[in-house]
């Protein structure tokens with residue numbers, strides 16, 4: 001469980017699932033938006049592919065590969081699993 | 001090298017709100033609020049030399065810059081959402097100047113207003129389900145899945161006498177059938193959790209499983225879903241996640257809950 005307000009930050013990957021590809025897309029005189037950027041380099045493409053959303057009703061694709069996890073950032077996932085859930089989460093005010 | 005500035009736009013809020021100013025994605029510039037009628041945008045200045053299309057293409061591949069920008073963007077939007085409601089814009093939406101931002105607010109007024117009304121009092125929450133297939137396979141030998149294996153496994157006794165090669169392929173076939181049924185059960189479990197959680201949420205969406213290279217997660221991510229949850233229903237939503245976790249702990253299924261987030265996934269992603 002990774003909740004804001006109890007001293008830990010949200011995992012980067014959870015943020016990227018949100019800030020990169022979602023949010024309200026507005027009309028008008030936008031100088032630049034991420035949607036307009038032709039992101040050609042492979043690394044970011046892989047990254048973007050991982051966060052693109054799928055159809056709301058579709059089944060989650062199972063990942064069948066068994067590769068070793070590679071931590072590539074200081075902001076690695078900070079999931080705490082809910083094996084023994086407890087603790088009232090505190091909210092940021 | 002140009003000193004020209006653009007306006008990085010984080011989110012749209014109700015024009016009556018006054019979120020506190022804080023450091024923006026470019027730490028030299030703090031956030032401010034631009035109003036147009038009933039709506040306002042939270043913005044901060046950024047040097048266009050560093051936030052041009054070409055510059056961003058290169059800089060966003062640097063995970064340090066990507067993380068800094070993502071967190072700064074999110075914190076501004078989250079703070080604004082916490083005091084009332086904020087429609088977050090996608091990261092790195094940059095306008096030429098104040099007039100462009102006000103034009104946007106005027107042009108999209110109705111759509112933005114209705115989005116604000118829909119998300120007011122709600123937060124976005126992430127729920128992921130991670131399965132350790134090996135533990136599940138090991139733990140289910142005597143269960144329903146296991147019974148299929150033993151039924152298949154009884155056949156090779158006849159085959160054994162005919163050919164060791166045949167027995168080998170029979171075992172492989174049984175193993176594959178077993179793995180398929182474990183996989184199907186995992187998908188069903190994920191869908192069941194999602195359906196249950198969706199009943200406690202105003203809206204919900206399933207996202208693609210996260211990239212293991214970025215998340216560092218172990219096992220298979222069978223569910224990566226996001227929910228728009230009313231604050232007064234948070235208790236029942238979280239309780240539902242917890243009771244699922246408690247009842248599946250022995251099956252090596254882990255549930256990860258994270259949030260709250262500003263409602264990125266629930267403000268509509270396409271222009272009118």
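Quick look at the numbers
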| read-out | value |
| --- | --- |
| Top-ranked residue in the range B:237-259 [being in contact with a strand residue (DSSP E or B) (Cβ under 9 Å, 6 or more places away or on another chain) and more than 9 Å from every other protein chain (Cβ to nearest Cβ); ranked as surrounded by the most Cβ atoms within 10 Å (Cβ to Cβ)] | B:253 |
| Selection from the range B:8-19 of residues that are within 13 Å of chain A (Cβ to nearest Cβ) and touching a helix residue (DSSP H, G or I) at 6+ places or on another chain (Cβ under 7 Å) | B:9, B:10, B:11, B:12, B:13, B:19 |
| Residues within the range B:53-70 that are facing chain A (nearest Cβ under 8 Å) and not in a helix (DSSP H, G or I), tallied | 2 |
| Matching entry among B:43, B:25 (being touching a strand residue (DSSP E or B) at 6+ places or on another chain (Cβ under 7 Å), in contact (Cβ under 8 Å) with a residue 24 or more places away in the chain, assigned to a strand (DSSP E or B) and crowded, with 22+ Cβ neighbours inside 10 Å) | B:43 |
| The range B:198-225: number of residues that are more than 7 Å from chain A (Cβ to nearest Cβ), closer than 21 Å to residue B:267 by Cα and touching a strand residue (DSSP E or B) at 6+ places or on another chain (Cβ under 6 Å) | 6 |
| Conditions (1) closer than 10 Å to residue B:80 by Cβ; (2) modelled with pLDDT of 95 or more; (3) surrounded by fewer than 21 Cβ atoms within 10 Å (Cβ to Cβ): number failed by residue B:32 | (1) |
| Selection from the range B:79-93 of residues that are on the phi < 0 side of the Ramachandran plot, crowded, with 24+ Cβ neighbours inside 10 Å and at the interface with chain A (Cβ under 8 Å from one of its Cβ atoms) | B:87, B:88, B:89, B:91, B:93 |
| The range B:2-18, subset within 14 Å of residue B:85 (Cα to Cα) and touching a strand residue (DSSP E or B) at 6+ places or on another chain (Cβ under 6 Å), residue surrounded by the fewest Cβ atoms within 10 Å (Cβ to Cβ) | B:15 |
| Residues that are modelled with pLDDT under 90 and buried (at least 22 other Cβ atoms within 10 Å of the Cβ), drawn from the range B:57-78 | B:60, B:66 |
| All positions within the range B:94-111 that are part of a helix (DSSP H, G or I), crowded, with 22+ Cβ neighbours inside 10 Å and facing another protein chain (nearest Cβ under 7 Å) | B:104 |
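The values are calculated or read from the model by the stated rules, or taken from the named source; none is laboratory data. Bear in mind the structure is a predicted one, so any value in this text is a computation, not a measurement. Every residue, glycine as well, gets a Cβ built from its backbone with ideal geometry; the counts of neighbours run over all protein chains shown.
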